[in-house]
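Participant: After the structure tokens below, expect a handful of questions from me.
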Amino acid sequence: MTKITFVGAGSTIFMQNIVGDALLTPALADSHFALMDIDPVRLAESEAVAKAMIRSVGTGATVSTHTDRRAALDGADFVITAFQVGGYEPCTVTDFEIPKQYGLRQTIADTLGVGGIMRGLRTVPVLWGVAQDMMQLCHNATLLQYVNPMAINTWALAERFPTLKHVGLCHSVQNTVEELAHDLDLSKGNIRYKVAGINHVAFFLKLEYEGRDLYPALRQGYRAGYLPKPPLLMPRCPNKVRYEVMDHLGFFCTESSEHFAEYVPWFIKAGRHDLIEQFSIPLDEYPSRCVEQVANWKEQAKTLTDGRNIEVSRSHEFAADLMNAIVTDTPYTAYGNLPNTGQIPQLPLGAAVETPCLIDANGVQPSVVTEIPPQLIALMRTQINVQELTVRALTEENSEYIYHAAMMDPHTAAELDLRQIRNLVTDLLSAHGDWLPDWCQPARAA
């Protein structure tokens with residue numbers, strides 16, 4: 001029996017997708033699912049959902065619930081992390097509201113920028129704790145890491161635990177293929193592509209349909225004004241930013257426009273409401289989404305936990321197919337985030353990079369991607385600067401690198417001067433307080 005442990009199983013919808021996929025995968029259908037969360041209410045809801053799915057599919061899978069992480073990890077074959085340290089309140093609210101006082105606006109704030117830096121400082125120590133427990137309790141297990149900021153987390157895990165088997169997984173590639181198929185009225189299953197870069201700033205280096213290059217159609221449609229169509233996956237977030245970047249840099253990015261707008265200095269600018277309107281940039285999108293998700297979940301929970309069976313269908317997450325490939329030694333290709341050991345030779349060694357990976361009983365093995373256009377590499381390096389300094393702050397417990405990371409962030413640096421950035425970071429560190437390691441506190445740093 002394969003043991004699959006979820007750390008952060010209170011993320012019930014995500015847990016439902018992964019467990020459902022596993023139950024529909026013969027080699028995993030009879031697994032034991034160890035669900036762990038610090039919130040006993042959400043944990044009980046997830047337990048009810050998992051058991052309802054097992055009844056619906058009719059497998060021999062079992063479920064246990066844990067508020068103790070070590071108990072959940074003991075003997076695991078796979079560990080899946082899906083948590084948000086500090087939650088929407090207070091930490092996400094803090095990451096948005098304090099920068100607003102300086103005139104710095106954000107959309108998602110979970111990957112780069114001051115919001116991404118703060119989330120990394122909160123998250124990496126918890127992931128290190130998970131990794132330390134894994135080394136002691138299930139050292140051969142593979143960690144499937146779904147937590148943002150993905151690149152910072154992946155890089156920091158490798159720095160502290162170089163022998164840990166882990167991969168960062170995201171659904172941005174799959175989502176983008178679905179959106180592009182929607183825009184071009186094509187079957188997504190027949191689109192062939194090759195992607196490489198860093199998480200959320202990777203690009204479609206090849207994009208074809210039945211041997212036909214799709215880029216001319218995308219460019220023509222954008223310049224003529226009929227692309228992008230109203231989005232399929234995020235109805236209130238039009239996909240104009242990525243089309244604009246494609247028009248100038250030549251290639252399409254994997255992450256959504258609301259994310260990408262805050263990674264670069266070109267779209268969110270004080271006094272430039274014309275840009276916000278022209279490119280339909282949803283400022284404060286993530287807080288709005290969090291409020292809606294909390295409200296929606298209360299209604300969904302009543303339906304999902306009332307004892308009835310739940311219809312189980314495949315999601316587009318990589319996790320179940322990846323675990324199946326390792327368990328059955330059946331080769332499978334997925335996009336994974338791993339430390340750069342040379343798979344993208346144009347980017348710094350050690351940085352977390354995203355490339356196609358071969359998965360089988362040998363684990364997750366990245367493929368080498370060369371000759372990425374130089375303008376794309378240059379953009380990726382602006383992101384890596386921030387990631388590297390944040391990781392350096394964490395590994396060396398040096399708070400000055402936190403300030404340096406914010407100073408190098410493209411969006412923050414385009415809006416604020418050096419003194420403003422230093423004051424903003426100090427305010428954020430103070431406001432987060434005990435959610436951060438002690439060495440982050442400004443008083444101790446002084």
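Participant: Any idea which of (1) without any contact (Cβ under 8 Å) to a residue 12 or more places away in the chain; (2) touching a strand residue (DSSP E or B) at 6+ places or on another chain (Cβ under 8 Å) is the one residue 246 doesn't satisfy?
Facilitator: Of (1) without any contact (Cβ under 8 Å) to a residue 12 or more places away in the chain; (2) touching a strand residue (DSSP E or B) at 6+ places or on another chain (Cβ under 8 Å), only one is false for residue 246: (1).
Participant: Still on this structure, I have one more. Would you please name the residue that is surrounded by the fewest Cβ atoms within 10 Å (Cβ to Cβ), looking only at residues in region 10-52 that are of a type in the set (Val, Ile, Thr) and part of a helix (DSSP H, G or I)?
Facilitator: Ranking the qualifying residues of region 10-52, first place goes to 41.
Participant: Could you check residue 285 against (1) open to solvent by 20 Å² or more (accessible area, probe 1.4 Å); (2) modelled with pLDDT of 80 or more and say which number it fails?
Facilitator: (1)
Participant: Can I ask one more? Only residues in region 84-96 that are closer than 17 Å to residue 147 by Cα count as the first member; pair them with residues that are polar (S, T, N, Q) and in a helix (DSSP H, G or I), Cβ under 6 angstrom, at least 6 apart or cross-chain, and list the lot.
Facilitator: 85/123
Participant: Which residues, taken from region 309-364, are aromatic (Phe, Trp, Tyr) and in contact with a helix residue (DSSP H, G or I) (Cβ under 7 Å, 6 or more places away or on another chain)?
Facilitator: 332, 335
Participant: From the set of residues in region 94-133 that are farther than 24 Å from residue 165 by Cβ and small (Gly, Ala, Ser), which is surrounded by the fewest Cβ atoms within 10 Å (Cβ to Cβ)?
Facilitator: Among residues in region 94-133 that are farther than 24 Å from residue 165 by Cβ and small (Gly, Ala, Ser), the one surrounded by the fewest Cβ atoms within 10 Å (Cβ to Cβ) is 103.
Participant: Going through region 178-199 one residue at a time, which ones are open to solvent by less than 10 Å² (accessible area, probe 1.4 Å) and either free of Cβ contacts under 8 Å to residues at least 40 places away in the same chain or in contact with a helix residue (DSSP H, G or I) (Cβ under 6 Å, 6 or more places away or on another chain) (or both)?
Facilitator: 181, 191, 195, 197, 198, 199
Participant: Given the structure, is residue 387 assigned to a strand (DSSP E or B), modelled with pLDDT of 95 or more and under 30 Å from residue 325 (Cβ atoms)?
Facilitator: When the stated conditions are applied, residue 387 does not pass them.
Participant: Ok, one more. Answer yes or no as to whether residue 350 is part of a loop (DSSP other than H, G, I, E, B), small (Gly, Ala, Ser), in contact (Cβ under 8 Å) with a residue 12 or more places away in the chain and in contact with an Asp or Glu (Cβ under 8 Å, 6 or more places away or on another chain).
Facilitator: For residue 350, the condition - part of a loop (DSSP other than H, G, I, E, B), small (Gly, Ala, Ser), in contact (Cβ under 8 Å) with a residue 12 or more places away in the chain and in contact with an Asp or Glu (Cβ under 8 Å, 6 or more places away or on another chain) - is met.
Participant: List every residue pair whose Cβ atoms lie under 6 Å apart, where the two residues are 6 or more positions apart in sequence or sit on different chains, the first residue falls within region 424-444 and is open to solvent by 60 Å² or more (accessible area, probe 1.4 Å), and the second residue, located anywhere, is among the basic types (Lys, Arg).
Facilitator: Listed pairs, sorted by first residue: 435/122.
Each row is one residue, and each column tells you yes or no for (1) under 21 Å from the mean Cα position of the chain (by Cα); (2) under 29 Å from residue 106 (Cα atoms).
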site	(1), (2)
333	yes, no
352	yes, yes
368	no, no
374	no, yes
377	yes, yes
407	no, yes
416	no, yes
435	yes, yes
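Each row is one residue, and each column tells you yes or no for (1) more than 30 Å from residue 333 (Cα to Cα); (2) hydroxyl-bearing (Ser, Thr, Tyr); (3) modelled with pLDDT of 95 or more.
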residue	(1), (2), (3)
367	no, yes, yes
372	no, no, yes
395	yes, yes, yes
409	yes, no, yes
421	yes, no, yes
429	yes, no, yes
435	yes, no, yes
441	yes, no, no
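Participant: For region 175-226, how many residues are aromatic (Phe, Trp, Tyr), under 20 Å from residue 256 (Cβ atoms) and in a strand (DSSP E or B)?
Facilitator: Result for region 175-226: 3.
Participant: Something else now. What tally of residues in region 64-82 results from selecting those that are among the β-branched types (Val, Ile, Thr), within 17 Å of residue 2 (Cβ to Cβ) and either open to solvent by 60 Å² or more (accessible area, probe 1.4 Å) or part of a loop (DSSP other than H, G, I, E, B) (or both)?
Facilitator: 0
Participant: Shifting gears a bit: Being small (Gly, Ala, Ser), modelled with pLDDT of 95 or more and either surrounded by fewer than 22 Cβ atoms within 10 Å (Cβ to Cβ) or closer than 13 Å to residue 411 by Cβ (or both) is the filter here, so list the residues in region 240-270 that pass it.
Facilitator: 250, 261 - these are the residues of region 240-270 that are small (Gly, Ala, Ser), modelled with pLDDT of 95 or more and either surrounded by fewer than 22 Cβ atoms within 10 Å (Cβ to Cβ) or closer than 13 Å to residue 411 by Cβ (or both).
The values are calculated or read from the model by the stated rules, or taken from the named source; none is laboratory data. Please read these numbers as outputs of a predicted model, since none were measured by experiment. Methodologically, a virtual Cβ is constructed for each residue, glycine included, from the backbone with ideal geometry; neighbour enumeration extends over all protein chains shown. Remember, those area values only see protein heavy atoms, side chains included, never the ligands or the DNA or RNA. Shrake-Rupley method; radii C 1.70, N 1.55, O 1.52, S 1.80 Å.
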